[in-house]
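First the structure, in the form of structure tokens, and then the observations on it.
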Amino acid sequence: MSKKSKNTKGRGSTPATLELERAGIPFEPYEYAHSNDHMDDGYGVEAAAKLGFDEHQVFKTLMADTGSERVVGVVPVSGHMDLKALAAAVGAKKAAMADPKVAMRESGYVVGGISPLGQKVRHKTVLDESALQFDMILLSGGKRGFSIGIAPSDLLSVLDGVTAPIGTW
């Protein structure tokens, strides 16, 4: 069963929530019991199902390498990231998925719990433009079984991110 907890300082503290608290950005923490039983669908799909949100409103964080830098793409869990569109959004010719070990090392999170917030190394971040249709989106709060609800405009503000059509279905 999912549990929605109140936004109290320090509760569910991760580097992601600490960054939001320092910036004064409001968010809602959501916790659920993570299970490895159905990982064929993905961590984000599990979060959507357990928390009762539409898969188009729950976003996953993916890291890509353009050859000259790594960038972060945030797309709905219902689809995939268009690497060509991501590259174009950051002014690169191409992009490929970053090695998971590199993503974990530079983000400071484990796969399935990578948040675009509070990463060890700050990267350019691109949010799929579909997020703008929602008042709030869910994304990883920095660990498996923990998501945060945040306004897309607040996410873009704190990360100095941009939007682009980087999601595919």
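The values are calculated or read from the model by the stated rules, or taken from the named source; none is laboratory data. Since this is a predicted model, take the numbers as computed values, not measurements. When we count neighbours, we look across all protein chains shown, and the Cβ atoms used for this are built from the backbone with ideal geometry, even at glycine. Side chains included, ligands, DNA and RNA excluded: accessible areas come from the protein's heavy atoms. Shrake-Rupley method; radii C 1.70, N 1.55, O 1.52, S 1.80 Å.
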Inside the stretch 119-139, can you point out the residues that are open to solvent by 20 Å² or more (accessible area, probe 1.4 Å) and either at positive phi or outside any helix (DSSP H, G or I) (or both)? Gln119, Lys120, Val121, Arg122, His123, Lys124, Phe134, Asp135, Met136
Of the criteria (1) part of a loop (DSSP other than H, G, I, E, B); (2) within 15 Å of Gly161 (Cα to Cα); (3) open to solvent by 50 Å² or more (accessible area, probe 1.4 Å); (4) aliphatic (A, V, I, L, M), which one Ala88 fails: (1)
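Look at Ala48 and say whether it is more than 20 Å from Ala164 (Cβ to Cβ) and touching a Leu at 6+ places or on another chain (Cβ under 9 Å). It would help to see each step written out before you state the result.
Details: more than 20 Å from Ala164 (Cβ to Cβ): yes; touching a Leu at 6+ places or on another chain (Cβ under 9 Å): yes.
In short, yes.
If you check Ala33 against the conditions, is it in contact (Cβ under 8 Å) with a residue 40 or more places away in the chain, more than 18 Å from the chain's Cα centre (by Cα) and within 20 Å of Lys143 (Cα to Cα)? Outline the logic, then answer.
Numbers: in contact (Cβ under 8 Å) with a residue 40 or more places away in the chain: yes; more than 18 Å from the chain's Cα centre (by Cα): yes; within 20 Å of Lys143 (Cα to Cα): yes.
Yes.
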Hey, Ser78 open to solvent by 30 Å² or more (accessible area, probe 1.4 Å) and among the hydroxyl-bearing types (Ser, Thr, Tyr) or not: yes
Given the conditions (1) open to solvent by 20 Å² or more (accessible area, probe 1.4 Å); (2) touching a residue at least 24 places away in the same chain (Cβ under 8 Å); (3) in a helix (DSSP H, G or I), which single one is not true for Lys94? (3)
